[in-house]
Amino acid sequence: MDHGYQVIATFLVPMEAHLARGCLAAAGIPAVLADDHLTQTHLLLAPAIGGTRVMVPERYAAQARETLAAYERGEYALPEDANVESVIPLR
């Protein structure tokens with residue numbers, strides 16, 4: 001696919017791709033998913049089609065890879081004792 005987008009990651013589980021896209025969006029990196037609906041509907045087909053692809057504009061590719069590597073290392077994880085209620089009120 002040569003439309004100025006580059007595949008930076010693939011996931012067999014669509015929810016993991018959505019989490020990665022959300023992480024990129026939080027970092028200010030525009031990202032789109034390809035084949036997420038197909039793999040969500042027919043999960044057993046995911047390996048055959050290569051899974052869900054996370055794609056970003058080419059100019060963001062290096063930054064996106066760095067962001068996803070930091071995510072994989074756990075740099076964005078909340079500590080176990082984080083008080084999330086102070087950020088998002090729970091009812």
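The values are calculated or read from the model by the stated rules, or taken from the named source; none is laboratory data. Keep in mind that this is a model prediction, so the values were computed, not measured. Using ideal geometry, Cβ is built from the backbone for each residue, glycine included, and neighbour counts are taken over all protein chains shown.
Could you grab me the full set of residues in the range 1-26 that are outside any helix (DSSP H, G or I), farther than 23 Å from LEU44 by Cβ and modelled with pLDDT of 95 or more? Outline the logic, then answer.
Within the range 1-26, the subset outside any helix (DSSP H, G or I) is 1-13.
The next check asks that each one be farther than 23 Å from LEU44 by Cβ; those that pass are 1-6, 8.
Residues satisfying the conditions are TYR5, GLN6, ILE8.
Do the conditions hold for THR67, that is, is it polar (S, T, N, Q) and under 11 Å from the mean Cα position of the chain (by Cα)?
yes
For THR39, which of the numbered conditions (1) in contact (Cβ under 8 Å) with a residue 40 or more places away in the chain; (2) in contact with a strand residue (DSSP E or B) (Cβ under 7 Å, 6 or more places away or on another chain); (3) over 17 Å from TYR5 (Cβ atoms) fails to hold?
(1)
Is at least one residue of the range 38-53 surrounded by 21 or more Cβ atoms within 10 Å (Cβ to Cβ) and aliphatic (A, V, I, L, M)?
No: the range 38-53 contains no residue that is surrounded by 21 or more Cβ atoms within 10 Å (Cβ to Cβ) and aliphatic (A, V, I, L, M).
For the range 55-67, check the following and say yes or no: at least one residue is surrounded by 12 or more Cβ atoms within 10 Å (Cβ to Cβ) and of a type in the set (Asp, Glu).
Yes; the residues of the range 55-67 include at least one that is surrounded by 12 or more Cβ atoms within 10 Å (Cβ to Cβ) and of a type in the set (Asp, Glu).
On the basis of being surrounded by 11 or more Cβ atoms within 10 Å (Cβ to Cβ), of a type in the set (Asp, Glu) and touching a residue at least 40 places away in the same chain (Cβ under 8 Å), does GLU72 make the cut?
no
Yes or no: VAL84 over 14 Å from the mean Cα position of the chain (by Cα) and of a type in the set (A, V, I, L, M)?
Answer is yes for this residue.
Tell me which residues, restricted to the range 40-77, are part of a helix (DSSP H, G or I) and hydroxyl-bearing (Ser, Thr, Tyr). Break it down into steps so the answer makes sense when it comes.
Looking only at the range 40-77, we keep the residues that are part of a helix (DSSP H, G or I), and these are 40-41, 43-49, 58-73.
Selection gives THR41, TYR60, THR67, TYR71.
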